[in-house]
């Protein structure tokens, strides 16, 4: 349903009626688009922003409300006997964070295409009663509000949904927005007695 706005007779009275009608129709279309409506129906929902991170050529989104800080990667303090995804401990502002490698958490095979040189550590906001965690990624790029792609079925696992960038052209990169609670379930629980 298109919204119609009545012209101000004093303002548009100087224009010929055909041009006035064209201007009003264009304004109506623009306002409808800005309000989230289009001729084809409702626009895609506006989603909360995510931190766009890269692992090799793959893009992932981390919910921005869960991100506390992004820091250049530094060597962690190793924890002997830890699973492969646990890189060790990272200290920041007097607090220890268990540093997890995002690649193995997502099931990427050993020797995958990503370069493990440099990178960023993404410190996460802890949930009440949970341990402090950080994720190692190749690059933290920027914060974006993604547009979800139509899906036949939810992706499942640690991927909440697939999305694209706002105002993306055809062939634009697709990113997987992660469900951090699902991804980190086995690592988030505080150790007994802590």
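Every number in this text was worked out from the coordinates using simple rules, so none of it is lab data. Computed from a predicted structure; not experimentally measured.
Okay, here's what the table says:
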{"quantity": "Calculated diffusion of the range 50-188, Stokes-Einstein form, Kirkwood radius summed over Cα pairs, 10 °C and 1.306 mPa s, µm²/s", "calculated": "102 µm²/s"}
{"quantity": "Over the range 50-188, relative contact order from alpha-carbon pairs under 8 Å, at least 6 apart, %", "calculated": "28 percent"}
{"quantity": "Contour minus Cα-Cα distance for residue 141 and residue 125 (0.36 nm per residue)", "calculated": "3.9 nm"}
